[in-house]
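Written out below as structure tokens is the structure these notes cover.
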Amino acid sequence: MRKFTSVHDVPDPAQWLWEVKELKQTPYAHKKLGENKVLGLIFLNPSLRTRMSTQRAAYNLGMQVMVLNMGQDSWQLEWEQGTIMDGAAQEHVKEAVNVISQYCDIIGVRSFPGLQNRETDYHEMVLNKFIQHSKVPVLSLESATKHPLQGFADLLTIEEYKKKQRPKVVLSWAPHPKALPQAVPNSFVEWMQAGEVDLVITHPEGYELDPAIVKDSPVEYRQDKAFEGADFIYAKNWSSYQEYGKILSKDPAWTITEQKMALTNSAHFMHCLPIRRNVIATDAVVDNSIVIPQAENRLWTAQLVLKKMLESL
Ligand code: CP
């Protein structure tokens, strides 16, 4: 496996789900696989879960890890070809990634969107430059438009907690004070479409996600109606895709409360974290949720992705 950027890089998601459950039971069974292999984790943005779970996953496979906070610990990068580099950027991405891929056997990169220009963000310039210039496999640690490690962990969590073969899963927009990317909801939709679930998306008008991602997944604008009979509620804020990067609403009526959870089929509450309590969901909802085991699954899904990449070296 040369790249992991979305569920579309996974040949058989159902098979991966089966393999990750097995890996979780025997986390150190492949300790020899990563011997003398180095994972480079490149962060252009902050992270808690992705950073630590991917590091731990690498250790479980016997790898060594180097972490670089790009632009803080290292030089500022130039991304465009042919630029006269007399500004702030001291190093071109071409040299930087070529050099990093001599020191590392696998590279992970996190790069959030600017949320200014939809076309630029949806072209995934940063991630694609890494893939273009790297000599080794590249995995996304969350790109401008996708967070595939999160989506995979979310599907595993639903698989573990579901009480029926095909649960009803609701992705609900919730308010937030800042403009956030669409990466998590995009990947959540894609992984749910690859799984055995009935997905319903609910959000205020104006928050429609990319139609190329939503496809024929149903959208219900009435949150209360969407919650009826749900087995899982997955809350997330995102900024507008249509009026790109804008906050159109901070309506607290969309906050997930115990009263709303009472409309469901005793649904499990999920969120990728970090979560703003009493903005996205009330304390009581978060305290009675499965967000902690959901975050644990970030470790196992990252470990399977790294295992696949090591096996392809
Ligand atoms: N869910 C997630 O990706 O968390 P971090 O941003 O802390 O890595």
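For the chain, the dipole from Cβ point charges (+1 on Lys and Arg, -1 on Asp and Glu) about the Cα centre works out to 700 debye, to the nearest 20.
Under 5 Å from the amide H of Leu199 lie the amide H atoms of Val169, each residue being 5 or more positions distant or on a separate chain, with H modelled from the backbone and absent for Pro and chain starts.
Evaluate the relative contact order of segment 14-93 (contact order divided by residue number), counting alpha-carbon pairs under 8 angstrom at least 6 apart; express in whole percent.
Worked out over segment 14-93, it gives 27 percent.
Place +1 on the Cβ of every Lys and Arg and -1 on the Cβ of every Asp and Glu in segment 149-295, take the dipole about the Cα centre, and give the residue among Ile247, Thr282, Cys272 whose Cα lies farthest towards its positive end. So the residue we want is Thr282.
The Cα trace of segment 1-119 gives Rg and Dmax of 17.0, 53 Å, the first to one decimal, the second as a whole number. Highest mean packing first, where packing is the average number of other Cβ atoms within 10 Å per residue, the peptides 91-98, 228-235, 125-132 line up as 228-235, 125-132, 91-98.
Under the criterion of Cα pairs below 8 Å and six or more residues apart, the relative contact order for segment 156-313 equals 26 percent.
For segment 99-221, the orientation-averaged shadow of the C-alpha convex hull comes to 9.3 nm² (one quarter of the hull surface). Report, in degrees rounded to the nearest 10, the 0 to 90 angle that the Cα long axis of helix 148-161 makes with the longest principal axis of the chain. It works out to around 40 degrees. Using θ = phi - 60° in the Karplus curve 6.51 cos²θ - 1.76 cosθ + 1.60, the 3J(HN,Hα) couplings for segment 221-232 round to 6, 8, 4, 4, 5, 4, 6, 4, x, 6, 9, 9 Hz; x is entered for Gly and Pro.
If you take the square roots of the eigenvalues of the alpha-carbon gyration tensor of segment 149-295 and sort them as a ≥ b ≥ c, do you get rounded (a/c under 1.5), prolate (a/b over b/c) or oblate? The partial results should precede the final answer.
On the way: a/c = 1.41, a/b = 1.15, b/c = 1.23.
Taking the square roots of the gyration eigenvalues as a ≥ b ≥ c, segment 149-295 is rounded.
Of all lysines in the structure, the ones whose alpha carbon falls short of 24 Å from that of Lys178, not counting any fewer than 8 places away in one chain, are Lys146, Lys236, Lys246, Lys250, Lys260.
R0 = 25 Å: FRET efficiency of Ala88 with Asn117, Cβ-based, nearest 0.05?
Details: r = 20 Å, r/R0 = 0.78.
Computed FRET efficiency for Ala88 and Asn117: 0.80.
Axis of helix 291-311 versus longest Cα principal axis of the chain: the two differ by about 40°, to the nearest ten degrees. Positive end of the dipole of the chain (Cβ unit charges, origin at the Cα centre): among Gln193, Pro167, Tyr221, the Cα lying farthest that way belongs to Pro167. Here the Gaussian network model covers the chain, with springs between Cα atoms less than 10 Å apart; of Ser143, Ser172, Ser249, Ser249 fluctuates the most. Simple point charges give the picture: +1 on the Cβ of Lys and Arg, -1 on the Cβ of Asp and Glu, and for segment 149-295 a dipole about the Cα centre of about 220 debye. Can you tell me the 0 to 90 degree angle between the C-alpha axis of helix 183-194 and the longest principal axis of the chain, rounded to 10? The two axes meet at around 70 degrees.
Extent along the principal axes, Cα only, for the chain: 54, 48, 33 Å, with the longest axis given first. Stretching the chain fully between Gln76 and Gln15 yields a gain of 17.9 nm (0.36 nm per residue, less the alpha carbon separation).
For Tyr234, the amide hydrogen comes within under 5 Å of the amide hydrogens of Val170, Leu171, Ser172, Met270, counting only partners 5 or more places away or on other chains and with H modelled in the peptide plane.
No lab work stands behind these numbers, since they all come straight from the coordinates. Bear in mind the structure is a predicted one, so any value in this text is a computation, not a measurement. Reconstructed Cβ throughout: ideal geometry from the backbone, glycine too, with neighbour counts over all protein chains shown.
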